[in-house]
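Input: a single structure, listed below in structure tokens.
Every read-out reported here was derived from the displayed coordinates using simple, explicitly stated rules and does not represent laboratory data. Just so it is clear, the structure is predicted and the values come from calculations on it, not from any experiment. All Cβ positions, even for glycine, are placed from backbone atoms using ideal geometry, and neighbour counts span all protein chains on display.
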């Protein structure tokens with residue numbers, strides 16, 4: 001025959017047609033095809049063939065009619081399959097253990113990742129009105145920065161004017177930059193999660209009030225609602241309702257409610273809620289448009305659309321605010337706050353990024369693939385030992401699909417056992433996972449139906465993925481070849497296994513390269529000169545009592561020899577974010593540059609060891625120029641800018657000195673220019689910033705000597721206690737605070753490290769399994785070689801050579817892949833490393849070494865065996 | 001009894017199987033049918049008919065010796081069972097009787 005019928009049509013016929021009719025049908029079709037080729041040519045013939053195949057797709061030929069006896073047989077056969085499967089598992093306990101451990105670790109990872117992802121995706125979903133709750137952001141024209149809060153006039157005005165709004169709430173959070181002192185009897189603590197909220201808080205959010213009336217709790221001035229946790233902290237076993245808490249040593253607040261602790265998947269985490277009416281200052285109570293410190297939420301009616309409300313806002317604001325420049329207000333859905341990087345103005349909460357969820361999920365899938373490959377490889381490698389069984393079953397009448405079912409069943413069994421192991425591993429690993437992911441999951445969280453359901457689905461999928469290839473190969477053995485005599489694995493099987501091992505190592509090597517790049521970048525960011533010295537720098541809260549007698553306080557503190565330096569600032573230099581805009585009228589009348597502002601004491605520069613480029617820092621005289629006694633329009637402000645702030649104006653530091661400057665209502669001039677320093681993460685370019693001369697500070701910065709830190713700290717604390725008994729000694733280290741800016745990178749590096757370790761670990765299981773089968777298969781060859789004079793060393797090398805080649809190939813594939821991915825990742829940083837050869841060489845050497853050690857163990861055993869043992873039979 | 005009646009196409013297939021004797025397998029039947037009736041017959045239809053006829057007991061089948069040209073597949077050859085022959089005969093008889101009952105001059109076409 002010159003050409004044969006279309007292969008796929010033939011395959012289709014074979015799979016669909018009942019076995020009893022198959023031979024007749026296919027024979028006839030083939031004959032017709034041969035006939036048609038001569039009559040009409042190959043194209044037409046193929047077309048007729050297809051047509052005929054489809055014409056056979058009717059009930060007669062497709063249905064597999066079962067006789068009654070086969071259903072009885074089915075149970076017996078499956079019992080038999082199960083028995084054989086168990087025997088096989090226990091016959092080779094070592095390999096089975098490798099297999100299951102690999103799969104178990106993989107699925108345990110998947111389980112934890114699944115839990116994590118579901119948790120992250122479920123953020124804020126418990127709010128009943130969440131789908132129509134929006135947080136308002138604003139953005140001034142021509143400015144990049146999005147402000148996640150709004151003026152306090154916005155929410156009440158909009159509710160009055162827009163019928164589409166059901167309700168809304170303002171949240172004011174002073175605590176993060178100047179904590180409250182909360183006191184009940186002898187319990188005094190600094191609290192920074194105390195929010196002022198409108199009485200509508202419980203109309204908007206679905207937090208559960210355990211005691212008190214949600215409608216009334218936050219209506220009256222000086223009402224406070226606290227969480228269970230806080231109730232226990234302050235009142236112990238006492239009943240909190242109706243008691244009073246003293247705040248800032250001034251006002252007594254009546255406890256009107258106890259609220260359930262906000263769940264871990266809430267973007268708002270608070271300890272206390274205080275009624276908005278508690279404000280005494282008119283600045284807060286009046287509806288004003290010249291501020292933006294209120295996180296504002298709006299709840300829309302069921303059928304109102306956010307975009308139409310958004311469109312109506314500018315008109316309303318224009319009418320009521322009378323301001324010339326109106327920011328653009330945008331509505332962002334509550335559900336998006338956590339993952340889309342939208343954010344709400346609660347600096348305390350680390351927002352997650354969808355990107356990290358993708359990375360998590362992607363790595364989970366990779367690990368599952370690697371574990372599945374292990375199973376596939378080991379199962380096909382072991383086929384040699386199962387060949388006779390398969391041949392015998394076929395001779396005794398098993399169809400291919402019976403065997404297919406048998407082997408699929410086996411893989412499901414193994415995966416199921418691995419699944420149980422995975423559950424155990426997940427429970428054991430949960431605490432360390434919590435640390436890694438910065439979450440507080442408990443074991444009960446894993447038993448939720450969606451998690452377990454999901455992981456069962458995953459397990460089923462893994463069983464299919466891992467089992468299908470071995471089942472296809474094993475069920476396809478031809479009885480005559482496997483029963484005739486010695487049976488070796490087919491060439492294509494060996495190639496397939498090598499391919500799969502290569503895939504495993506591609507993944508492992510790529511992850512190792514990724515890990516080292518992340519580590520290097522992290523190291524780079526930590527070691528790069530910041531432009532100031534943050535070693536052993538303590539940051540402490542400042543109270544008005546300290547500020548009143550500050551000179552005396554400072555000199556007292558400085559008498560402690562381990563206190564090297566001390567200064568005051570509005571913020572820690574790692575948290576400068578207040579946004580101002582500066583205009584240099586001498587340079588450009590119009591040009592406005594956004595700057596971050598920091599109010600600092602006169603000795604700030606020295607204490608932080610920053611460098612001045614030109615001019616001087618703010619002086620005593622400058623402070624006098626803005627004293628309270630001077631009428632505000634006569635005050636002259638001295639500003640110190642960083643180099644970056646001058647860049648947009650295109651002037652040199654020397655030129656800048658003395659130039660007139662205008663900054664948010666402050667008239668003044670440039671007193672000095674400091675060298676650029678990193679006050680934000682190195683993801684971002686150093687931003688323009690300015691030092692302001694106002695003496696409105698929130699933080700005390702103390703540099704202590706680094707020797708014998710523990711001892712030093714306790715000495716400093718002792719002195720602090722004596723001098724400022726009302727202010728708790730709650731310090732933070734500035735360098736740690738700075739390092740915290742990289743918490744997500746740190747998380748990523750840990751994650752990468754862990755998963756790279758796991759993948760290489762699981763891959764090595766696979767490798768170990770494979771090499772042990774190879775050595776068994778080649779035992780005789782090794783014996784003969786040995787008899788003929790080969791040394792153990794050459795034999796080990798010979799056996800390892802195969803796998804070394806695979807690793808080399810994997811390396812060649814993985815390197816460009818990893819390079820691509822990691823350059824992409826690094827592109828997010830303004831200050832970054834180049835990917836050098838180090839990580840690449842490191843990964844090559846590391847992987848080769850680990851793989852070599854793994855294989856050498858087995859190959860050495862095989863090579864050092866006494867040839868007599870393997871050769872005596874036969 | 002259900003199944004003793006046969007359709008027109010089935011009757012033709014049965015007859016062709018009788019005609020072909022040893023060569024009565026799928027393709028053979030198809031070719032002979034096409035030759036005798038002048039209409040094109042699909043192999044699927046033939047297979048459906050032979051299998052149905054076998055199930056009803058009008059046909060018997062056996063596999064032929066191995067043949068080289070059919071890709072090594074054996075031919076499935078059919079023979080008409082005694083029951084099949086009786087059914088064919090009775091169908092023919094019925095028709096003959098009916099023909100005879102037609103009044104002499106009503107048909108232009110005459111039987112025979």
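At 0.36 nm per residue, minus the direct Cα-Cα distance, what do residue A:750 and residue A:228 gain on full extension? Give it in nm, one decimal, please.
Residue separation times 0.36 nm, minus the Cα-Cα distance, leaves 184.5 nm.
Mind pulling the angle between the C-alpha long axis of helix A:400-437 and the longest principal axis of chain A? Nearest 10 degrees, somewhere in 0 to 90.
20 degrees
Take every DSSP beta bridge with both residues inside chain A and express the antiparallel ones as a percent of the total, to the nearest 5.
80 percent
Calculate, for residue B:95 and residue B:64, the FRET efficiency according to 1/(1 + (r/R0)^6) with r their C-beta to C-beta distance and R0 45 Å; round to the nearest 0.05.
So, using R0 = 45 Å, E works out to roughly 0.85.
With runs of 4+ DSSP H residues as the only contributors, calculate the mean residue ellipticity of the protein assembly as shown at 222 nm using -39,500 (n - 2.57) per run, divided by the residue total and rounded to the nearest 500. Numbers along the way, then the final one.
Values: 35 runs with 521 residues, N = 986.
So the calculated ellipticity at 222 nm is -17500 deg cm²/dmol.
Quick one: if the Förster radius is 45 Å, what FRET efficiency do residue A:499 and residue A:439 give, using the C-beta to C-beta distance and rounding to 0.05? All intermediate terms of the calculation are to be shown ahead of the outcome.
Numbers: r = 38 Å, r/R0 = 0.84.
Here the calculated transfer efficiency is 0.75.
Taking R0 as 51 Å, what's the FRET efficiency between residue A:452 and residue A:861 from their Cβ-Cβ distance, rounded to 0.05?
Efficiency for this residue pair is about 0.75.
Which percent, nearest 5, of DSSP beta bridges in segment A:537-738 are antiparallel?
Roughly 75 percent of the beta bridges in segment A:537-738 run antiparallel, per DSSP.
Please tell me the relative contact order of segment A:130-336 in percent, rounded to the nearest whole number, where contacts are Cα pairs under 8 Å and at least six residues apart.
Normalised by residue count, the contact order of segment A:130-336 is 36 percent.
Taking the Cα centre of each part, how many Å lie between segment A:199-253 and segment A:723-761?
First find each Cα centre; the distance between them is then 33 Å.
Starting from the Cα-Cα distance between residue A:239 and residue A:660, subtract it from 0.36 nm times their residue separation and give me the gain in nm to one decimal. Before the final figure, lay out the partial values.
Working: separation 421, 0.36 × 421 = 151.56 nm, distance 6.03 nm.
Extending this stretch completely gives an extra 145.5 nm.
How would you classify the protein assembly as shown from its alpha-carbon gyration tensor, with a ≥ b ≥ c the square roots of the eigenvalues: rounded for a/c under 1.5, else prolate if a/b is greater than b/c, otherwise oblate?
prolate
I want to make sure I understand the PRE zone here: with the label point 7 angstrom from the Cα of residue A:429 toward its beta carbon, which residues in segment A:446-460 have backbone N atoms less than 18 Å away?
In segment A:446-460, the label zone of residue A:429 (backbone N under 18 Å from the point 7 Å along Cα→Cβ) covers A:446-448, A:451-460.
How far apart, in nm, are the 7 Å Cα→Cβ label points at residue A:544 and residue A:246?
1.5 nm
With contacts defined as alpha carbon pairs under 8 Å and 6 or more residues apart, what's the relative contact order of chain A in percent?
So the answer I get is 13 percent.
Consider a paramagnetic label point 7 Å from the Cα of residue A:523 along Cα→Cβ; state which residues of segment A:723-758 have an amide N under 16 Å from it.
What the label zone holds, given the 16 Å backbone N cut-off, is A:746, A:749-750, A:753.
How far is helix B:82-101 tilted, in degrees, relative to the longest principal axis of the Cα atoms in chain B, given as a value from 0 to 90 rounded to the nearest 10?
Here the helix axis deviates by roughly 20 degrees.
Once you sort the root eigenvalues of the Cα gyration tensor of segment A:84-196 as a ≥ b ≥ c, which label holds: rounded (a/c under 1.5), prolate (a/b larger than b/c) or oblate (the other case)?
Prolate, since a/c reaches 1.5 and a/b exceeds b/c.
In nm, give the distance between the simple-model label positions of residue A:838 and residue A:90, each being 7 Å from the Cα along the Cα-to-Cβ direction.
Computed distance between label sites residue A:838 and residue A:90 equals 5.4 nm.
Looking only at segment A:677-705, which residues have a backbone nitrogen under 15 Å from a spot 7 Å from the Cα of residue A:735 in the C-beta direction?
Under 15 Å, as judged by backbone N against the label point of residue A:735, lie A:702-705 of segment A:677-705.
Subtract the Cα-Cα distance of residue A:280 and residue A:215 from 0.36 nm times their separation in residues, and report this length gain in nm to one decimal. List each step's numbers first, then the result.
Values: separation 65, 0.36 × 65 = 23.40 nm, distance 2.21 nm.
Value of the extension gain: 21.2 nm.
Which whole-number percent gives the relative contact order of segment A:537-738, counting Cα pairs below 8 Å spaced six or more residues apart?
36 percent
In peptide B:71-78, what is the residue-averaged number of other protein chain Cβ atoms found within 10 Å of each Cβ? Write out the running numbers ahead of the final one.
On the way: counts 11, 3, 10, 3, 5, 6, 1, 0.
Whole-number average of other-chain Cβ neighbours for B:71-78 is 5.
Quickly work out the residue A:323-to-residue A:621 label distance, labels modelled 7 Å from Cα along the C-beta direction, and quote it in nm with one decimal.
Computed distance between label sites residue A:621 and residue A:323 equals 3.7 nm.
With angles folded into 0 to 90 degrees, how steeply does helix A:709-723 sit against the dominant principal axis of chain A? Use alpha carbons for both and round to 10.
With both axes taken from Cα atoms, the answer is about 30 degrees.
Expressed as a whole number of Å, what is the distance separating the alpha-carbon centroids of segment A:835-874 and segment A:107-182?
56 Å
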